Each structure stands twice: as structure tokens, then as C-alpha cells.
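Below you'll find the structure, written out as C-alpha cells, and then a few comments.
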Amino acid sequence: ELAEVINQRPQCRAVLTSKRSLENYLHPAAIREVTPIELAFGDFDPVAILVAKQLYENGLHDRPWELLSRRSQNRLSSRAKRWLNTQVAAHMTIDHLRERDPAGEIASWLTTIGQLAHSI
């Protein structure tokens with residue numbers, strides 16, 4: 001409903017993604033290029049949390065992830081999210097994108113952004 005309201009505003013577009021978050025459009029191979037972790041995930045898995053947990057567990061920590069406070073887990077997940085959307089996203093190729101986004105959602109978002117920018 002909120003997307004419909006936003007789309008009624010001039011020069012505004014809102015879309016609902018078909019995946020949980022932007023990180024779900026990333027390809028596991030791009031993650032492997034940046035860090036040596038193997039990660040398999042689906043369209044609705046919490047990728048940032050999975051990455052944060054695996055990176056944490058690969059470090060020299062004597063406390064299990066599950067015993068960290070919710071605040072610590074959230075902080076590490078936020079860092080992972082930022083890292084995924086910058087460092088890992090920079091390693092995405094067209095082939096990676098086609099495999100993770102066969103419907104072309106991201107391309108359509110970029111086209112819309114370009115059209116909106118042109119109409120200003």
C-alpha cells in the first residue's frame with residue numbers, strides 16, 4: 001500500500017523486491033572473491049546475518065555466535081551488510097547478476113532511476 005501512495009507522487013517510484021533484501025541479489029562467487037567463505041543462500045535468507053556469523057566464527061573468538069548479545073550480533077550484521085553492498089557488490093559481474101536476478105529487477109530499477117533523472 002505504501003508503494004502505491006509513493007508512486008502517486010510526481011517524480012517518485014517505489015517498488016517491492018521479489019527477494020528479502022539487496023544482499024540476496026549478490027552472487028556467492030562475488031562473496032568468495034572478496035573473502036574465503038563458502039556461503040549458499042536463498043532469496044529470503046538473512047544474508048548479512050549469515051555472513052556476519054561465518055566471518056565471526058572464522059575469527060579467533062572463544063565465545064560462540066549464539067552467546068553474543070543481540071546488540072553485538074546486530075552490530076556485526078550491520079557491518080556485514082555495509083561490506084556486502086560495497087566491497088562484494090563491486091565484484092558482481094553481468095553473468096553473476098543475470099544468474100541471481102533472472103527477472104531483471106535491478107536493471108529495471110536503474111532504467112527507472114535514469115528516466116526520473118532525465119525528466120528533472
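On average, how much accessible surface per residue is there in segment 1-108, in Å², for a 1.4 Å probe, leaving out ligands, DNA and RNA?
Accessible surface, normalised per residue, equals 68 Å².
Roughly how many debye, to the nearest 20, is the charge dipole of the chain about its Cα centre, given +1 on each Lys and Arg Cβ, -1 on each Asp and Glu Cβ, and no other charges?
Working: 15 positive and 14 negative charges, 104 e Å.
Rounded to the nearest 20 debye, it is 500 debye.
First compute the accessible area of segment 26-78 with a 1.4 Å probe, then give the percent of it belonging to carbon and sulfur atoms.
Result for segment 26-78: 52 percent of the exposed heavy-atom area is carbon or sulfur.
Distance between Cα centroids, segment 39-73 to segment 3-21: provide it in whole Å.
Answer, in whole Å: 31.
Nearest 10 degrees is fine. How inclined is helix 70-83 to the longest principal axis of the chain, computing both from alpha carbons?
Approximately 60 degrees, to the nearest 10.
The values are calculated or read from the model by the stated rules, or taken from the named source; none is laboratory data. None of the values given here were measured: they were computed from a predicted structure. Note: ideal-geometry Cβ built from the backbone for every residue, glycine included; neighbour counts use all protein chains shown. SASA here: full protein model, heavy atoms, side chains in, ligands and nucleic acids out. Shrake-Rupley method; radii C 1.70, N 1.55, O 1.52, S 1.80 Å.
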